[in-house]
Amino acid sequence: MDMFIATILGILAAGSPLVLASLGETISERAGVVNLSLDGAMLLSAMAAFALALTTGSAWLGFLFGGLTGAAVAGFLVVVSVYLGCSQMAIGFILTLLCRDLAYFLGNDYARLPGPDLGYWSIPGLGGISPVVYVSVIAMFLVWRWMFFTRSGLRARAVGESPQAAFSRGVKVNRIRILCVLTGGFMAGLAGGAYSLAIKNGWGRPQGCEGAGWICLAIVIFGGWSPWKVVAGAYFFAALQVAGIHLQDLFPGLPGPVFQVAPFPIMILTLLLANLGRMRRVKDLAARNPFVKKIVSGLNASAPEALGKDFNEDM
Amino acid sequence: MDITLREIRKNYGAVQALRGVDASLRPGRVYGLLGENGAGKSTLMRVLCGRTRPDGGDILINGASAGALNPARALAVGVGMLQQDPLDFPAMKVWENFSLGGRGGGRAKAAENLANLSGSFHFSFDPDMRLADLTVGERQQLSLLRLLDAGVRVLILDEPTTGISLEQKEALFAAMRRLSKDENRTVIFVTHNLEEAVDMCDDILVMSHGRVTGEFTPPYSKEELLTRMFGEDAARPVKSSPAAAGRRDGRETLALSGAVFEGEGFDLADIDLCVRPGEIIGLAGLEGNGQEPLLRGLAGRARMKAGRLLLDGIDLSGKPPERFRFSGSHLLPAARLERGLFPDMSVREHFQLAFPELKGAGGTAFMEASCRRFRLPVRLSEPAVNLSGGNQQRLQLALIPENVKLLLLEHPTRGLDLESCRQIWEHLEERCRQGAAILFSSADLEEILDHCHRVLVFFQRRLFADVNASGLSAGALGALMSGQKGEGL
């Protein structure tokens, strides 16, 4: 039983930065902007959060600073793409590479130093739980409430579906896009801070969160841009990673890297399964069989109509 | 609310879309805005609702300048526009579409406002349905209600009768009368349909080449309106004698037995059909009753789930689109720019794709000759997106291969002016004389009666009737379209 609880807590902890970053990206993409800089931004934020925490001695100040760093990277992306009309994809790609190098260059002085962390908030009977778990759970509810039950959430989704239609209804398209991308970047930055201050403590090369940003981008697609499914996807990936650690003990004969790499192909397989509903044969089957139809329609999702498309007010 | 437009000008590059438009609009009236394609109707209306920024001129509201408008400000002063293609969010729910740009509010409040408004117009909506599952007509009704919810005093309707059913059209006209007469709002009805304008409007403004060229009040003279729209010699009616009936000798161009085609959300089942060379067949019926799956299926673009399809004697059942094309079937989609052409590719590139053997100077000469023949007054380097609707259709015609056997057209003249329609039908009938068979869908009954040998009537998503066109009256065809098989047919 203890083993079971420990595994669940492990999954919750490993999943929380993934939840934060993928929800952030979901917000940004629902408003129509792909933030490809996610991976680099998370790494840079992880470094910035750790560095500030080390300097000031306050892990929470560092955590917040990580968020601000993520927002700053997103801010650069959004200004260049929304206002200066450059391609979101190209800028995002370059930013992710730039931020990665910048993180290792600027963070050199802080590498392999012991530093503060966010500690644990215990629940009696369960044990210590990292504060980032609480933060990510609160974030889930906030994002869901905001996206589907507030005026601004409705506007944000509208902007991602059709900026033309939103504009002609008096919505300030660019302002909403900017706010959404900044919020998304802030959450990705918190995810970076969560890694260096809680989940994979400390800074060094390579930091444990390298590659997590790319996984988050995939999780958003896997989750069909819907917050709860995105959350489920994040925990699923975390579960695969945690399972890998346990399986390693069970099968000592297999080389270690197999278990580290296994989550990635399994993720691809899951993506494939989740999108089965788009195949013609499955469509036909669904038309005949109501049970299959229910499953397929639950899994199917399409991207926001205007995702990645620029918007120009004048026509 | 009085509105005065003063010297409104707008240029797109070298094209002067509006060359100084003056007009004044008073409440309680339905204004018709008539004009051929490219006359500047839509541009002018987009300026009025703040969607397009004019290069010059002024809009006065109750005598005071409204300044620079954007959609938010226009809505705030009470000007709203119903776009030709519904400008809404198909992936979102009905209540969300209603709330956004209306008075706002959450699910409960929006649903309540919607129920109240739709009740008073005898419309009905389920607030939790996805908009994508509604018909174009219903989406338009929802947009109309949203604008009323927002409190507009000036309502602009841009070609609102395109693509909606007869019942929806009547409901829309009733609403327009009520809004102007009973509620003292200004209604502006943009159309190229003369009949509808004459029926509906208290005032008709005619636009031509970016100017208002005439303002008329009842009783209207249709001849005079036509002359103002098109100039002196174009007012003659569309020619109305169908080309020689299809040849009865030789083998059939198309034989369908027990065919089932997959449509959007339904299957068009049990189609038996024979088409002879040179025959022109019109597909009548309310939109979305199976015309599209049949036309697309005959080009191999809608999946054929059962049955047998012989094209010129060759069995093509279930074969891929390129086999259909190779065998002489050619489809001209209604969405010219989206499905028929490549928006950013030039006229030259379109020719090169359609006729890969064209090369060098000979190729250019062929293209230029082709453009002259199809009266396509554009440079070969012009991208398709810059062509007007009529020129896009002429380009599509010019790209049809010489040896085509079965020509399939969705709404061949939708949105085109009379002169373009006449030229297009002239060309299509020429193709028939050369032995091609034509199937086309149209919402315009006159077009069907004028040009067809046979009419296929679709009703409730099946092929309802297959009748000879000679001696068929508009009334009889209308009855068939509403599902009545009367005597004498």
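Values in this text are rule-based calculations from the coordinates and carry no lab data. Keep in mind that this is a model prediction, so the values were computed, not measured. Please note: Cβ atoms are built from the backbone with ideal geometry, for glycine as well, and neighbour counts cover all protein chains shown.
Couple of notes before you dig in:
- The charge dipole of chain A, taken about its Cα centre with unit charges on the Cβ of Lys, Arg, Asp and Glu (plus for the first two, minus for the last two), comes to roughly 1120 debye.
- Residue among B:ALA398, A:LEU273, B:LEU114 farthest towards the positive dipole end of the protein assembly as shown, charges placed on Cβ: A:LEU273
- Exposure proxy ranking for A:LYS309, A:LYS229, based on other Cβ atoms within 10 angstrom of each Cβ and starting from the fewest, stands as A:LYS309, A:LYS229.
- Evaluating 6.51 cos²θ - 1.76 cosθ + 1.60 at θ = phi - 60° for every residue in region B:142-153, the Karplus couplings come out as 5, 4, 4, 4, 4, 5, 5, 4, 6, x, 6, 9 Hz, glycine and proline recorded as x.
- Long-range HN-HN contacts of B:LEU409 with modeled amide H, under 5 Å: B:LEU332, B:LEU439, B:PHE440, B:SER441
- If R0 equals 56 Å, the separation of the Cβ atoms of A:ASP310 and B:ALA474 corresponds to a calculated FRET efficiency of about 0.75.
- Amide N proximity, region B:268-286 versus A:LYS283 label position 7 Å along Cα-to-Cβ, cut-off under 16 Å: B:268
- Cα point-scatterer Debye curve for region B:351-433, base-10 log of I(q)/I(0) at q = 0.18 Å⁻¹: -0.82
- Residues A:SER302 and B:VAL136, FRET efficiency given R0 of 25 Å [Cβ-Cβ distance, rounded to 0.05]: 0.80
- Exercise: per-residue mean of other protein chain Cβ atoms within 10 Å, A:164-175: 6
- Modelled label reach - A:ILE94, point 7 Å along Cα→Cβ, region A:173-211 residues with backbone N closer than 18 Å: none
- Counting 0.36 nm for each residue step from A:SER87 to A:PHE4 and taking away their Cα separation leaves a gain of 25.2 nm.
- For region B:19-83: rounded, prolate or oblate by the Cα gyration tensor [a/c cutoff 1.5]: rounded
- Extending 7 Å from the Cα toward the beta-carbon at both A:ALA232 and B:ARG375 defines two label points whose distance is 6.0 nm.
- Local charge for B:MET345 was computed over the other residues whose Cβ lies under 15 Å away, with Lys and Arg +1 and Asp and Glu -1, and equals 0.
- Computed log₁₀ I(q)/I(0) - Debye formula, equal Cα scatterers, no solvent, chain B, q 0.08 Å⁻¹: -0.54
- Note on region B:3-233: dipole from Cβ charges, positive end direction compared against B:GLN16, B:LEU226, B:ALA76; the farthest Cα belongs to B:ALA76.
- Karplus-derived 3J(HN,Hα), 6.51/-1.76/1.60, for each residue of region A:272-288, Hz, glycine and proline x: 4, 5, 5, 9, 3, x, 7, 6, 4, 4, 5, 4, 4, 4, 5, 5, 8
- The residues packed around A:CYS180, meaning those with a beta-carbon under 11 Å from its beta-carbon, carry a net charge of +3 if Lys and Arg are +1 and Asp and Glu are -1.
- The B:SER124 and A:ASP101 beta-carbon pair, evaluated with R₀ = 56 Å, returns a calculated FRET efficiency of approximately 0.40.
- In degrees, nearest ten, helix B:166-177 long axis to first principal axis of chain B (Cα): 20
- Radius, Kirkwood style, for the protein assembly as shown when every pair of distinct Cα atoms is counted (Å): 30.2
- Each Cα pair under 8 Å and six or more residues apart adds its sequence gap; the mean of these over the residue count of chain B is a relative contact order of 15 percent.
- Span from the region B:1-22 Cα centroid across to the region B:303-377 one, whole angstrom: 39
- Summed residue charge, Cβ within 14 Å of A:GLY75's Cβ, Lys/Arg positive, Asp/Glu negative: +2
- Rel. contact order, % - alpha carbon contacts under 8 angstrom, at least six apart, region B:1-115: 23
- Beta bridges per DSSP with both ends in the protein assembly as shown, % antiparallel, nearest 5: 55
- Centre separation in Å (Cα based) which lies between region B:401-455 and region B:114-135: 37
- Backbone N within region B:313-349 under 15 Å of label point (7 Å from B:GLU264 Cα along the Cβ vector): B:333-340
- The slack in the chain from B:ARG107 to B:GLU195, taken as 0.36 nm per residue of separation less the alpha-carbon distance, amounts to 27.6 nm.
- With 0.36 nm allotted per residue and the present C-alpha distance subtracted, the A:PHE251-A:ILE268 stretch has 3.8 nm of extension available.
- Modelled label positions at B:GLU223 and A:LYS293, each set 7 Å beyond Cα in the direction of Cβ, lie 5.9 nm from each other.
- Positive end of the dipole of region A:2-260 (Cβ unit charges, origin at the Cα centre): among A:GLY32, A:PRO206, A:THR69, the Cα lying farthest that way belongs to A:GLY32.
- Value of [θ]222 nm, deg cm²/dmol, for chain B, DSSP H segments ≥ 4, -39500 (n - 2.57) each, nearest 500: -9000 deg cm²/dmol
- Exposure proxy shown here: for A:LEU276, A:LEU23, the number of other Cβ atoms within 10 Å sets the order, fewest to most, as A:LEU276, A:LEU23.
- Lysine pairs with alpha-carbon atoms under 26 Å apart, chain B, spacing 8 or more or separate chains: 16
- Rel. contact order, % - alpha carbon contacts under 8 angstrom, at least six apart, chain A: 32
- Calculated from backbone phi, Karplus (6.51, -1.76, 1.60) coupling profile of region A:5-21 in Hz, x at Gly/Pro: 4, 4, 5, 4, 4, x, 5, 4, 5, 5, x, 5, x, 5, 4, 4, 5
- Prolate/oblate/rounded label for chain A (Cα gyration tensor, a/c 1.5): oblate
- Nonlocal amide H pairs with B:GLY57, under 5 Å, H built at 1.01 Å: B:ARG9
- Counting every other Cβ atom within 10 Å of each residue's Cβ, A:ILE138, A:ILE245 order from fewest to most as A:ILE138, A:ILE245.
- Nearest 10 degrees, 0 to 90: helix B:107-120 Cα axis against chain B principal axis: 80
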